[in-house]
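Chemist: Let me give you the structure first, and then I'll get to my questions.
The values are calculated or read from the model by the stated rules, or taken from the named source; none is laboratory data. All figures in this text were calculated on a predicted structure; none of them were measured in a lab. We place every Cβ from the backbone using ideal geometry, glycine too, and count neighbours over all the protein chains shown. All accessible areas refer to the heavy atoms of the entire protein, side chains included, with ligands and DNA or RNA removed. Shrake-Rupley method; radii C 1.70, N 1.55, O 1.52, S 1.80 Å.
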Amino acid sequence: MQRGETSTLELVESLTALQRTLRCVGHLSEGKQPVGFAALGVLAYVQRNQPTRATDIAQWIGIGPAALSRQVVELEGSGLLVRIPSPTDARAQLISLTPQGAEEVEKAYDRRATVLAGLLKDWDEAKISAAAATMNDIQQVLRAGLDDIHGKTTPTVNGPEGAPIV
């Protein structure tokens, strides 16, 4: 195995471990909240891109239209999302958050930030900022690569400090 392949395999292992750990952190911060972990991903994307089309949400999250449709119906039924007809495409609907949906996203970010702050209590702001920048770089490169493979343009959204999150 070539050296570059070994480094890539190490990155795969590290990202896989990080993904599992982040899932555990996310579940820890969510506990028994009324909105599930996956649904919060939908709400967060909509918050940053509203009004938006379901196809854009599905592409960003990486799920199929049927799975997203079920989530949107559930979130709409819970009063967290609303759908309106698109003024430019009669076949499409635009999705936005309700005030209750926006409040739920803010509460979720606060819960996650509190849990993360506790877990990273020994890190200073510079180290946290550097880690966030590295994660953003990785996301952007991977999303761009996926776009190249699929011939698509990835929607870009901005995080809390205006940093791009793709």
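Chemist: So, in segment 20-39, exactly how many residues are closer than 12 Å to Leu68 by Cα and in a loop (DSSP other than H, G, I, E, B)?
Modeler: Within segment 20-39, residues that are closer than 12 Å to Leu68 by Cα and in a loop (DSSP other than H, G, I, E, B) number 0.
Chemist: Would you check which residues across segment 80-110 are open to solvent by 60 Å² or more (accessible area, probe 1.4 Å), of a type in the set (Ser, Thr, Tyr) and assigned to a loop (DSSP other than H, G, I, E, B) and list them?
Modeler: Just the residues of segment 80-110 that are open to solvent by 60 Å² or more (accessible area, probe 1.4 Å), to begin with: 82-85, 87-88, 90-91, 93, 99-100, 103, 106-107, 109-110.
Then keep just the ones that are of a type in the set (Ser, Thr, Tyr); that gives 88, 109.
The answer is Thr88, and nothing else.
Chemist: From Gly62, Gly77, grab the single residue that is open to solvent by 60 Å² or more (accessible area, probe 1.4 Å), under 29 Å from Leu15 (Cα atoms) and free of Cβ contacts under 8 Å to residues at least 24 places away in the same chain.
Modeler: None of the others qualify; the one that does is Gly62.
Chemist: Continuing with this model, one more query. Give me a count of the residues in segment 113-131 that are within 25 Å of Leu11 (Cα to Cα) and either surrounded by 15 or more Cβ atoms within 10 Å (Cβ to Cβ) or of a type in the set (Val, Ile, Thr) (or both).
Modeler: 2
Chemist: Going by the conditions given, is Val42 surrounded by 14 or more Cβ atoms within 10 Å (Cβ to Cβ), touching a helix residue (DSSP H, G or I) at 6+ places or on another chain (Cβ under 6 Å) and assigned to a loop (DSSP other than H, G, I, E, B)?
Modeler: No, not satisfied.
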